[in-house]
1. List every DSSP H helix in the chain whose Cα atoms extend 18 Å or more along the helix's own long axis and whose mean Kyte-Doolittle hydropathy is at least -0.5.
2. Sum -39500 (n - 2.57) across every DSSP H segment of at least 4 residues in the chain, then divide by the residue count to get the 222 nm mean residue ellipticity, nearest 500.
3. Starting from the 7 Å offset along Cα-to-Cβ, what nm value, one decimal, do you get for the label separation of Leu36 and Glu270?
4. Using a/c under 1.5 as the rounded threshold, could you call segment 173-228 rounded, prolate or oblate? The axes a ≥ b ≥ c are square roots of the C-alpha gyration tensor eigenvalues, and prolate needs a/b larger than b/c, oblate otherwise.
5. Could you size up the charge dipole of the chain around its Cα centre, putting +1 on the beta carbon of Lys and Arg and -1 on that of Asp and Glu, and report it in debye to the nearest 20?
6. Tell me, rounded to the nearest percent, the portion of alpha carbon pairs in segment 13-264 spaced more than 33 Å apart.
7. Would you work out which of Gly176, Ile85, Leu126 lies farthest towards the positive end of the dipole of segment 13-264? Charges go on Cβ: Lys and Arg +1, Asp and Glu -1.
8. When averaged across all projection directions, what area in nm² does the alpha-carbon convex hull of segment 19-152 cover?
Amino acid sequence: MRSEGKKIVFKTDEEVEIVRRNCLLVSKTLTLVASLLKPGVSGKEIDQKAEELIRDHGAIPGFKGLYGFPNTLCISKNEAVVHGIPSDIEFKDGDIVSVDCGTKMDGFYGDAAYTFAIGEVPEETLELLRVTKTALYKGIENAIHGKRIGDIGQAIQDYCEKENGYGIVRELVGHGLGRELHEAPEVPNYGRRGRGVLLKDGLVIAIEPMVNLGKRDIGYDKDGWTVIARDRKPSAHYEHTVCVRRGKADILSDHSGIEAEIKNNPNIHEISLKN
Ligand code: MG
Ligand code: MG
């Protein structure tokens, strides 16, 4: 989602903690998703349980109704990049499924995403997931006071495109986050080191590489929402919300619960970081 032209709003420490509480609820919701995903389950079933969990914690689903999106989760399968609508179609062995979740409570949002691999997924696709997840952390390493937005983008782009030959989606980007889900600045997954908005302490941003196994070009599904890789090859998406700090970013969301749950779920592959 584009946020060009909006003013950047830096967060107080108290506000960062509210965003963190939201992000941890998002992480808890994605952990629930990790426990439920298996062949034969549908996106709609998972979406309903995710919504219940979020509301049970006194929050509201952050995406539902925003820009008219109908559900709690964005569930984007295989060649779908992002913004997939949960459906009655059952997941099957070999699917990769990006699940993106947001919550809102106490006036602020949280946002994170994870791509899951169900059953027998080709090694080529698992490698795409490992590289995309690793690229997220390469971006986060640059989310520090004194660097620029372009440092994040170039780190992700160089790793995915130059080193691994994948396609970085250009039309969709990470974003500032706070009282709005999509705030300034935009956080592209491509760019030039030393260019773009100066990163300062208290800037909260969602970093979310969207990486195609094939070419970077995208299109839209008939539903008008789901972004798909034009060549119909698999696409991966991992996201954390972080706060820019001096020396090291503070990662406000948390994938560790998801990954502990994946270890318990024989239907889902572990996706390790590359070194
Ligand atoms: Mg998201
Ligand atoms: Mg986001």
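1. Membrane-span-like by this criterion, though nothing is claimed about a membrane: 13-36, 123-140.
2. -9000 deg cm²/dmol
3. Placing both labels 7 Å beyond Cα along the Cβ direction yields 2.5 nm.
4. Since a/c reaches 1.5 but b/c is at least a/b, the shape of segment 173-228 is classed as oblate.
5. Roughly 900 debye, rounded to the nearest 20.
6. Value for segment 13-264: 11 percent of Cα pairs lie more than 33 Å apart.
7. The residue sitting most towards the positive pole is Gly176.
8. Approximately 9.0 nm², given one-decimal rounding.
The values are calculated or read from the model by the stated rules, or taken from the named source; none is laboratory data. This is a predicted model, so every value here is computed, not measured. Neighbour counts run over all protein chains shown; Cβ positions are idealised from the backbone, glycine included. SASA here: full protein model, heavy atoms, side chains in, ligands and nucleic acids out. Shrake-Rupley method; radii C 1.70, N 1.55, O 1.52, S 1.80 Å.
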